[in-house]
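This report concerns only the one structure given below.
We did not get these values from a lab; they are worked out from the coordinates using the rules stated. The model shown is predicted, which means the values in this text are computed figures rather than measured ones. All Cβ positions, glycine included, derive from the backbone under ideal geometry; neighbour counts span all protein chains shown.
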Amino acid sequence: MKLACAIVGEGSTFIVEIDANKFVADLKKAIKAENGEITCDPREMELYLAKKGEAWLTENEVRGVSDTNSLKRLDAAREEFDAIGLSEEGVRHEVDKHQVAAGNGPVNVLVVVPAEGGDREGKKVDSGPAFKKARHGAHHYFATA
């Protein structure tokens with residue numbers, strides 16, 4: 001399956017292809033392998049489900065995200081994707097190429113990597129439009145596969 005991932009604080013989205021039967025620990029390794037800018041050990045990364053309620057955050061919405069406190073952390077190394085909301089069916093939604101080009105494609109996983117000094121980015125409280133929109137029940141349905 002294909003998962004759209006974004007690094008907190010950077011906002012650029014990249015796609016990671018991974019077998020649906022793998023675990024969170026495998027996803028961390030795949031993220032590092034796909035994104036050459038990540039230099040930390042995969043075990044040092046924090047992953048979060050990029051979802052507010054039933055709505056996936058979009059590429060535009062994650063660009064300004066600096067708060068991960070209200071998102072579900074994917075922290076158990078042996079968590080299965082189905083159990084955490086990352087099933088093939090769960091990440092696949094309809095979207096057209098114009099929506100994707102406009103930055104309205106979904107992001108499935110937010111990645112926090114340690115800063116140079118070892119501190120993790122992404123812990124500040126943010127009440128940006130992505131979080132307000134998701135809290136008020138706006139639902140977005142997009143395709144990543």
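Observations on the model:
- For segment 2-56, the percent of C-alpha pairs falling in each 5 Å distance bin, counted from 0 to the bin holding the largest distance, reads 4, 16, 31, 28, 15, 4, 1.
- Note that segment 105-110 has calculated 3J(HN,Hα) couplings of x, x, 10, 9, 9, 9 Hz, one per residue in order, obtained from phi through the Karplus relation 6.51 cos²θ - 1.76 cosθ + 1.60 (θ = phi - 60°); glycine and proline are x.
- Inter-label distance, nm, simple model (7 Å from Cα along the C-beta direction), Ala77/Arg43: 0.6 nm
- Entries in Lys2/Lys51; Lys29/Lys52; Lys2/Lys29 that, when Cα-Cα distance is taken, lie over 20 Å: Lys29/Lys52
- Counted residue by residue at 0.36 nm each, then reduced by the alpha carbon distance between them, the extension gain from Ala101 to Glu88 reaches 2.4 nm.
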